[in-house]
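First the structure, in the form of structure tokens, and then the observations on it.
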Amino acid sequence: GRVAQMEAPPAADAGVLRVRPKRSVSEAYANPDSLTRRAFGAITPMPDENDPAYRAAVLPASNGIATADGLARFYASLIGELDGGARLFTPETVELARAERSSGPDRVLVINTRFGLGYMLHGGASPLLSDGSFGHPGRGGALGFADPDSGIAFGYVTNSFRKSVTADPRAQALVRAVRTALS
């Protein structure tokens, strides 16, 4: 009862021009032999996200449920003590999470990405707060990250999917507002 119902992506906005990448993730997904299809289509047929059984299942990287506050608090606990509790990452582990381990063309997301150990890093595909930020966008527009340099942890969730996989414009508007407030 405390979880919002997921909504399908809205129809494309009429009269809005969009720059299309050379090949979109949707086009890559349409190819049944592509890495994109194999990665995102690992669960077939795709279950109904509103089904209680799907929500109760433990499907890493697929069905995480959180509030924006809960997501931000998770990232905050990685970089510092939260409400007197334990810090989850040592400073050394934070450095491993935010040190670039791979970058360049991502054969699944069909864009250039940057990754540390287990986390996406700030970059064109998913602008976070600064070069030292680490986190990850979620399918449909969610975004969570930590920025150890500023001490900021960020969480954005939505129940209205968009077709974007990384830099959702709704979350990015909030990230820009935080960046502006800090400058």
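Read-outs: derived from the displayed coordinates by stated rules, not from any lab. Only a predicted model underlies this, so the values are computations on that prediction, with no experimental measurement involved. Here the Cβ is made from the backbone with ideal geometry for all residues, glycine too, and neighbour counts use every protein chain on show.
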Which residue, chosen from Leu88, Gly104, Ser62, occupies the Cα position most advanced towards the positive end of the dipole of the chain, where the dipole is computed from +1 (Lys, Arg) and -1 (Asp, Glu) charges on Cβ about the Cα centre? Gly104
List every residue whose amide H lies under 5 Å from the amide H of Glu7, counting only residues 5 or more places away in sequence or on a different chain, with H placed 1.01 Å from N in the peptide plane. Ser160, Phe161
Zone of Leu88 (label point 7 Å along Cα→Cβ, backbone N under 14 Å): which residues in region 106-144? 118-120, 134-136, 144
Contour minus end-to-end for Arg176 and Asn63, with contour as 0.36 nm per residue of separation and end-to-end as the Cα-Cα distance? 38.0 nm
Under the Karplus relation 6.51 cos²θ - 1.76 cosθ + 1.60, θ = phi - 60°, what is the ordered set of whole-Hz ³J(HN,Hα) values for region 106-111, x standing for Gly and Pro? 9, 6, 8, 7, 6, 8
How large is the helix-only mean residue ellipticity at 222 nm for the chain, computed as the sum of -39500 (n - 2.57) over DSSP H runs with n ≥ 4, divided by its residue count, in deg cm²/dmol to the nearest 500? -7500 deg cm²/dmol
Once you treat every alpha carbon in region 45-183 as an equal point and sum by Debye, what is log10 I(q)/I(0) at q = 0.13 Å⁻¹? -0.58
With a/c under 1.5 counting as rounded, go ahead and sort region 107-183 into rounded, prolate or oblate using the C-alpha gyration tensor (a ≥ b ≥ c being the square roots of the eigenvalues; past the cut-off, prolate if a/b is larger than b/c, else oblate). oblate
Estimated FRET transfer efficiency (Ser103, Ala56; beta-carbon r; R0 45 Å; 0.05): 0.80
